[in-house]
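Encoded as structure tokens, the structure appears first; notes follow it.
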Amino acid sequence: MRGKIVTAHITRQSSSYRHGLVLGLTMAEVMLLLVFCLLIATGVLLSREKLARLDLEQQLRSAVLARDANAHMASLIENSPQLREALEQKARQSSSASIDEFWRKLVESAAVVDKLDQAGLTPADAAAEADQLAEAHRLLQKGVSLPQVKADAALGARLRKALAQNTGQDGRASDAAIIETVEKGLASGDKVGHLWPPIIKLSEADGYFFESGKAELQPAFEKTLRTSVIASLLKTAKDYDVDVIEVVGHTDEQPVSVHRSNLDQELASSFESPEAIGNLRPSDNAGLGLARAVAVVSVLSADPRLKNYKILPLSGAQLIKPDETLARTISHGEEKQRRRIEIRLRKSARLAEEATTN
């Protein structure tokens, strides 16, 4: 009997415990679950509010920038009476769309002016050369490049220079002269290698000689220089467009009489007169070749027909044979062909640079 009473008491206690459960959870656990859900909902709300706040801040910054830009533009318009007057006049006569178009053109014009400044031009220059700019634009549309135009202009300048002696009274070259010049250029282009001016050689073997060990010119030699040699130099210089004349004195290997040279003291002043040339005393073949070149240069420099040319004396001494090879062995015999004056022509550095540029 007593056992039945205990069992009934336990059953009542278990039933009362089950009355405190919700879906198998205690009240405490249910409260924790509700608090967790509230926290999640709060986090979502806070995140949305943060995004909304960031969006509002961005809109505010944009509004501030727009306000500053408008204020700056208003200040510019206020400080520029001409611009303010133009805008007011446009506003009275046009719609808002026309005003926007006017403002767009104004902004584009400012950009164009900046580009002109960068190119070293002014709006006045562009206005004065509007026709040329339009023509350049039409050429570009037709596929004509500006570098090609520049190259053609350089070619035209070279043609005009080449035809300077064959122009008529109107300052223009005849068609025949142009064709002849072009054909001459094409013919020269077919040749292999460079076109160098011919070398004028005046050797003792051909009757152009100096006294042994001396640099004074013989009368016949000097006469030849003043007549046929200068005439040949003028023609060659014109044909090849050169402006430098180099006179090179060559000797053989016969030793020069032993005495003290005075070239260091007298050479620079020996261009003035034949007497000064006669006083030169070289002590070796290098000095002898140079002294003889100076004697020839003195005659050429005195002729007014050669005043625009640079005439330079050089020495080849006994080192260069007539066939333009080095004399590597010593020969003690007389070789008249090696005792000679060679006159070479070339372009100066200035002319060579101009030819390359053109």
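A short reminder: the numbers here are calculations on the coordinates, not readings from a lab. Everything numeric here is computed off the predicted structure, so don't read it as measured data. Don't worry about glycine lacking a Cβ; one is built from the backbone with ideal geometry, like all the others, and counts go over all protein chains shown.
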### Task
Pop a pseudo-label 7 angstrom from the Cα along the beta-carbon direction at both residue 74 and residue 39 and give the gap in nm to one decimal.
5.2 nm
### Task
Report the label-to-label distance for residue 151 and residue 323 in nanometres (one decimal), using points 7 Å from each Cα along the Cα→Cβ vector.
4.3 nm
### Message
Greater than 23 Å separation of Cα atoms is the criterion. Which listed pairs, 150/307; 214/336; 223/321; 201/336; 105/142, meet it?
### Response
150/307; 223/321; 105/142
### Message
What does the extension gain come out to for residue 115 and residue 206, with contour length at 0.36 nm per residue minus their alpha carbon separation?
### Response
25.8 nm
### For the range 200-357, size of Cβ-based charge dipole, Lys and Arg +1, Asp and Glu -1, in debye
260 debye
### Task
State whether the range 200-357 is rounded, prolate or oblate according to the following rule on the C-alpha gyration tensor (a ≥ b ≥ c being the square roots of its eigenvalues): a/c under 1.5 gives rounded; otherwise a/b larger than b/c gives prolate, and the remaining case gives oblate.
prolate
